[in-house]
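Note sheet for the following structure.
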Amino acid sequence: MEQIASKLLNTGMEALVSGCLAALTAQILKFIFYTILNRKIDFRVFTTTGGMPSSHSAGVVALSTAIGIQSGFMSQMFAISMGYAFVVMYDAAGIRRASGKMAVCLNKMMEDFYKHDINAAGTKLKELLGHTPIEVFCGAILGILFAFYFHYIVLM
């Protein structure tokens, strides 16, 4: 384990692995929250978008935080990565969330039009696409905490 940690520490791979593991952690938490709230197990939650916390936010913020830890929080690399993170988080809370709301409306219209037989028109549109601002915020906090934990506890 020490050999792997020494090869990852303060490299681009640390940032990449930190981002990927933070996103995976968010997906696992999302599955746990879903199971507790709905009192049923649905493994499809692991591969879906939307829900608490945002795995997209967790991943890009962990990546950016890891770059900040390594290169400095005033570096150009950190600024570029945070710009990327803001675009991803804006997309998750804005555009994809609006698309999900539109899918709800279209599904309702199709149910009404086809007399509650939506399969006559094809499959239902996916409704849970984006995130609420709090889901994005919680994902970002998870990403920050995960990057610091990964750098200072796991790799050191």
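The values are calculated or read from the model by the stated rules, or taken from the named source; none is laboratory data. Predicted, not measured: the structure shown is a model, and the values here were computed from it. Using ideal geometry, Cβ is built from the backbone for each residue, glycine included, and neighbour counts are taken over all protein chains shown. Accessible surface areas use protein heavy atoms only, side chains included; no ligands, DNA or RNA. Shrake-Rupley method; radii C 1.70, N 1.55, O 1.52, S 1.80 Å.
Out of the stretch 3-26, which residues are among the polar types (S, T, N, Q) and modelled with pLDDT of 95 or more? Explain how you work it out, then say what you get.
Filtering the stretch 3-26 for residues among the polar types (S, T, N, Q) gives 3, 6, 10-11, 18, 25.
Matches in the stretch 3-26: Ser18, Thr25.
From (1) modelled with pLDDT of 95 or more; (2) surrounded by fewer than 15 Cβ atoms within 10 Å (Cβ to Cβ); (3) among the aromatic types (Phe, Trp, Tyr), pick out the condition that doesn't hold for Tyr90.
Condition (1) is where Tyr90 drops out.
Sort through Ala147, Ala98 and tell me the only one that's surrounded by fewer than 13 Cβ atoms within 10 Å (Cβ to Cβ) and either modelled with pLDDT of 80 or more or in a helix (DSSP H, G or I) (or both).
Working: Ala147 fails: surrounded by fewer than 13 Cβ atoms within 10 Å (Cβ to Cβ).
Just one listed residue meets the conditions, Ala98.
Could you tell me which numbered condition Ile32 fails, if it satisfies all but one of (1) within 20 Å of Cys138 (Cα to Cα); (2) open to solvent by 30 Å² or more (accessible area, probe 1.4 Å); (3) not in a helix (DSSP H, G or I)?
(3)
Inspect all residues belonging to the stretch 46-56 and state whether any of them is part of a helix (DSSP H, G or I), under 26 Å from Ile80 (Cβ atoms), modelled with pLDDT of 85 or more and among the hydroxyl-bearing types (Ser, Thr, Tyr).
Here is the first cut: in the stretch 46-56, the residues part of a helix (DSSP H, G or I) are 46-47, 55-56.
Among the residues that remain, those that are also under 26 Å from Ile80 (Cβ atoms) are: 55-56.
From what is left, the residues that are modelled with pLDDT of 85 or more are 55-56.
Checking which are among the hydroxyl-bearing types (Ser, Thr, Tyr) leaves us with 55.
Within the stretch 46-56, one or more residues are part of a helix (DSSP H, G or I), under 26 Å from Ile80 (Cβ atoms), modelled with pLDDT of 85 or more and among the hydroxyl-bearing types (Ser, Thr, Tyr).
Check Gly19, Gly59, Gly68, Gly51 and return the single one that is buried (at least 16 other Cβ atoms within 10 Å of the Cβ), in contact with a Lys or Arg (Cβ under 9 Å, 6 or more places away or on another chain) and within 16 Å of Ile141 (Cβ to Cβ).
Working: Gly19 fails: in contact with a Lys or Arg (Cβ under 9 Å, 6 or more places away or on another chain); Gly59 fails: in contact with a Lys or Arg (Cβ under 9 Å, 6 or more places away or on another chain); Gly68 fails: in contact with a Lys or Arg (Cβ under 9 Å, 6 or more places away or on another chain).
When all the criteria are applied, what remains is Gly51.
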